[in-house]
Amino acid sequence: MRDLLIRDVLALTQAAVCPQAAIAVRDGEIAYIGPEADLPPAYAGLPVYEGRGRIAMPGLVNAHTHAAMTLLRGYADDLALHEWLTQMIFPAEARLTDEDVYFGTMLACAEMIRSGTTCFADMYFFMDATARAVAESGMRASLSVGMGSGAGDVDGGRAKLAGALDFCSRWNGQAGGRITTMLAPHAPYTCSTTFIEDVARAARASGLGIHTHVSETAREVTEIVTEYGKSPVEHFEALGVFDVPTLAAHCVAVSERDIDIMAAHGVRVAHNPGSNMKLASGVAPVVDMLAKGIAVGLGTDGAASNNNLDMIEEMRLATLLQKVSTGDPTAMPAAECLTMATMGGARCLGLEQLIGSLEVGKRADLILVDHSLPHMEPFLASRATSHMVYASSSSDVSSVIIDGSVVMDERRLTTIDETAILAEARRRAAVLVE
Ligand SMILES: [Zn+2]
């Protein structure tokens, strides 16, 4: 059923807060949104989905994660990025199988749907398994095979790139159009210049975007400057990465000049405040990036460095972190933060024409949030945005609709056998890190 009529709901649209709204969905597309009193008669006969006591808002877009890393949640805490990655994560990941990635991603999808995320950008290994999980769960995703290739690994790099291009050609537009794809050179410190140039050339030739990690820590910047005489942003610009739409995760240790370069090339940034704080990587200058017109989305990063995929928590972390780091309590107001977690993410994934806001003609990716709870009172329409960012919890998300399909109905997942997935994920995680 991808036709429905949500009645008597408080809708958060780009332009306004609309109490007593109706949202008509036909064939997965928003056909009407506005006052219920003005609902065109043509939509009155659609199957009704009760919205009373609920906020309707665009589904949250997780602009950067590694979904299957849910299996490594809590495995390696309280370490700096370099030690965390090289001593703990890389060795555990070397033992991963495609079935591990499938179950880890299904676990992630269950967690993301429960917390109001409808779409995510993922970079990992065994991405066929990830794509299978996305298709089955009903979620929307931009998927990319994470690739690293050192200077002495020319043939290996070419094989990885060929494999990634093959993945893109097989999965782009699949699952009813819910899956899109990108190329993902992991980071400037895990990829040689030759390899990065090859990836950028292939992306240009095949019309694909690039998803990568950039300037996550000061240590990374020092290493890249020492090796190439350029900052990671300057290095990527020189190698042609930014000639295609690029989604750059982190951008913590960036200079004014780096920000100017990113703005000039339309680089999109995935901000991951929870992961950046936990690894003590630093604070991305998000306020400065937004001021220069850069599209910034919000991401959780993987569950091994966050340690959850809760975008509502991430919104609160993002705004509080900007306020405390700039010493300015007016930095990143609630509305700007909510836009970053929805429309900002859609722009990061190049999906701003399809999702990211509740508008006629867009796909029906939306969530209903219970506002009849003690921590949401006093509830006034004018405070809905503030409550979503500063007061709500992910457990307030009551229903989730993706592409017009109800994937969570009053806290019950409709596409995922949660009991089975949780048990299998736990069993596999135990084997992985033993
Ligand atoms: Zn990452």
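As an exercise, use a Förster radius of 30 Å and the Cβ-Cβ distance of LEU79 and THR222 to find the FRET efficiency, rounded to the nearest 0.05.
0.95
Let me check against my output: what whole-number percent is the relative contact order of the range 54-200, with C-alpha pairs under 8 Å and at least 6 apart?
Reported relative contact order: 23 percent.
Which of the peptides 384-397, 236-249, 61-74 is most tightly packed, and how do the rest follow, judged by the mean count of other Cβ atoms within 10 Å per residue?
61-74, 236-249, 384-397
I'd like the FRET efficiency for ALA42 and LEU422, computed as 1/(1 + (r/R0)^6) with the beta carbon distance as r and R0 of 45 Å, rounded to 0.05.
With R0 = 45 Å, the Cβ-Cβ based efficiency is 0.55.
Relative to the first principal axis of the alpha-carbon coordinates of the chain, what is the inclination of helix 193-206, with its axis defined by its Cα atoms, in degrees from 0 to 90 and to the nearest 10?
The angle comes out near 40 degrees.
Past the 16 angstrom mark, what percentage of all C-alpha to C-alpha distances in the range 329-398 do you count?
55
List the relative contact order of the range 240-316 as a percent without decimals, with contacts defined as Cα pairs under 8 Å and 6+ residues apart.
After rounding, I find 30 percent.
Along the charge dipole of the range 204-297, pointing to its positive end and built from +1/-1 on Cβ of Lys, Arg, Asp and Glu, which listed residue (HIS265, GLY209, VAL241) has its Cα farthest out?
GLY209
Beta carbons within 10 angstrom, averaged per residue: use that to sort the peptides 327-333, 181-187, 92-98, highest first.
The peptides rank, most packed first, as 181-187, 92-98, 327-333.
Leaving out same-chain residues fewer than 8 places away, which lysines sit with a Cα under 25 Å from that of LYS230?
Cα-Cα hits under 25 Å: LYS292.
Could you size up the charge dipole of the chain around its Cα centre, putting +1 on the beta carbon of Lys and Arg and -1 on that of Asp and Glu, and report it in debye to the nearest 20?
That gives the chain a dipole magnitude of about 480 debye.
Could you give the dipole magnitude of the range 66-220 about its Cα centre, charging the beta-carbon of Lys and Arg +1 and that of Asp and Glu -1, in debye to the nearest 20?
Approximately 520 debye in magnitude.
Bins of 5 Å, beginning at zero and ending with the bin holding the largest distance: percent of Cα pairs per bin for the range 1-143, please.
With a bin width of 5 Å, the distribution comes to 2, 9, 15, 15, 14, 12, 10, 8, 7, 6, 2, 1, 0.
Compute and list, largest first, the equivalent-ellipsoid semi-axes of the chain from the alpha carbon gyration tensor, each √(5λ) rounded to a whole angstrom.
Each semi-axis is the square root of five times an eigenvalue, giving 35, 24, 21 Å.
Toward the positive end of the charge dipole of the chain, about the Cα centre and with charges on Cβ (Lys, Arg +1; Asp, Glu -1), which of THR339, GLY150, THR70 goes farthest?
Of the options given, the answer is THR339.
Counting only C-alpha contacts under 8 Å and six or more residues apart, can you give the relative contact order of the chain as a whole percent?
Relative contact order, the chain: 22 percent.
Sorted by packing (mean other beta-carbon atoms within 10 Å per residue), highest first, where do 162-173, 109-120 land?
Per-residue Cβ counts within 10 Å, averaged per peptide and sorted highest first, yield 109-120, 162-173.
Quick note: the coordinates plus some simple rules give every number you see, no bench work behind them. Not measured: the values here are computed from a predicted model. Neighbour counts are summed over all protein chains in view; Cβ atoms, including those assigned to glycine, are modelled from backbone coordinates with ideal geometry.
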